[in-house]
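Please treat every number below as a calculation from the coordinates, not as lab data. What you see is a predicted model, and the numbers here were worked out from it, not measured in a lab. Because the Cβ atoms are built from the backbone with ideal geometry, glycine has one as well, and the counts that use them run over all protein chains shown.
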Amino acid sequence: MSSENFIKNLTSKDKNLYKQTLQELINSSDSKQFSELCQNCDFIFPFVKERIISDFVKLVNKENLKTVFEFSKIYCADFEDLIVKSWVKFANEALSDEILELLDKGEVEQKAYAVLYFKYIKDNLCLEALDKLSKSDFQPLKINCAKVLAEFKDTKTLNEMMEIAKNSKDDFEILSAFEFISAYNDIKAIEFILKNGFNTSFSSNIISNLLDYNDITVIRKNSDDETFIKIFTTIIEAYPEDIELNTLLYYQIFDFVELISKINSQYAKNSLIVAREKFREFFSNEIYSFDLDKNLKNELKNITDFLNELDLSTKDIDLELDNYNNSKRFITALEVVGIVKDKNYSKKIANLINNNKLSYDLMAQGALTLKELNEISLIDKEIVEKIENENVKALIKSYY
């Protein structure tokens, strides 16, 4: 059967054709066809995937269980349950020993599935292996270890990852640790991310991982106003370069906007002004929305319309610019000054740079704002020459 016909038959509305194709897949143990199914999973409706998983598990028996082990060499997040629930269906001591052996000697893809078996079959013998495999470079394996260790309430590796996230000098090592912490996803993990997740160059990745595992009610419950706004601004700043716009519904961005509009602070207003500017651009320029489906385009319009209707004052921007020790708030205030093109703030920004009040990163942001206001000449060139960071020095010089 050709690849095209196989996928067509397996997703057919004809129940007889579909079940026959699924049974043949199981009986043949054809890894190539299972791989084709995995490669096409993005194009299969979720309810069809659920049907395939459910019926596959029903059709698996002790005689053809070897098929499941064969398919487990091919990892597919969308079909994790197909593998794992087939094993769980026949769980016994002998099978658990076989799955434990996979954790030790199996291929990395098999290990990613095998870990999840112990989410359902609680066997403490797996814990040592899970702690070890949590350091894997294969992300699905690391993430699944975090989820299962959380089920066991085993915090040994969680604590180790928190130490790495706080103390490592390697940004990629820090990001890897935060990925584990996000997937562990208990209150301790969430609180750690909210306290420490904004301080790396990968903050948008870390915060998007947090939103992958928690809806907005959990986020709001565990965040004070400022932290909640920081979460929002981090995501908005990452659109569309680092985070795709097709996450608008998934990350509940409209709900974020509604909740932040009820916070009475200049920081809240600034975050919404920046968001409004971005969403106006997304909505008016089809380059950003041409590949969004109808529901996402409607959501984009709803968010843009809501933001356009808000009365957003900038009367306390001065106070926000005084808050330069809080980089998130300060950068958001600078962005607003650039958006509203108000030169009344130019001297204040220039003085902060000329008096060495700002870190190099904030100095670069301040210089960019002055460039946008055509006020870059307010920066003392002698101060620029004294900047030790050559990249920042070159960047500011390029603005003249």
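Values as computed for the structure displayed
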{"quantity": "Approximate spin-label separation Asn222-Lys156, in nm, with each point projected 7 Å along Cα-to-Cβ", "calculated": "2.4"}
{"quantity": "Part-to-part distance (alpha-carbon centres) for segment 250-311 and segment 181-212, which is given in Å", "calculated": "23"}
{"quantity": "Convex hull of Cα atoms in the chain, direction-averaged projection (nm²)", "calculated": "23.1"}
{"quantity": "Cα gyration tensor category, rounded, prolate or oblate, for segment 1-82 with a/c compared to 1.5", "calculated": "rounded"}
{"quantity": "Residue order, fewest to most beta carbons within 10 Å, for Ser289, Ser182", "calculated": "Ser289, Ser182"}
{"quantity": "Residue-span extension gain [Asn16 to Asp186] - 0.36 nm each, minus C-alpha spacing", "calculated": "56.8 nm"}
{"quantity": "Pairwise FRET efficiency - Asn374 versus Lys89, Cβ, R0 = 56 Å, nearest 0.05", "calculated": "0.20"}
{"quantity": "Inter-probe distance in nm under a simple model that places probes 7 Å from Cα toward Cβ, at Ser265 and Lys315", "calculated": "1.9"}
{"quantity": "For segment 193-296: Kirkwood Rh in Å [reciprocal of mean 1/r, alpha carbons]", "calculated": "14.2"}
{"quantity": "Cβ-Cβ FRET estimate between Glu101 and Lys166, R0 fixed at 45 Å, reported to 0.05", "calculated": "0.80"}
{"quantity": "Long pairs among Lys169/Lys381; Lys15/Lys142; Lys62/Lys132; Lys13/Lys85; Lys142/Lys393, criterion Cα-Cα beyond 29 Å", "calculated": "Lys169/Lys381; Lys15/Lys142; Lys62/Lys132; Lys142/Lys393"}
{"quantity": "Formal net charge of residues neighbouring Ile331 (Cβ-Cβ distance under 12 Å; K, R +1; D, E -1)", "calculated": "-1"}
{"quantity": "Proxy reagent accessibility, fewest Cβ within 10 Å first, across Phe202, Phe232, Phe47", "calculated": "Phe47, Phe202, Phe232"}
{"quantity": "Sparse-neighbour loop sites [GluC sites (Glu not before Pro); segment 238-347; at most 10 other C-beta within 10 Å; DSSP]", "calculated": "Glu241"}
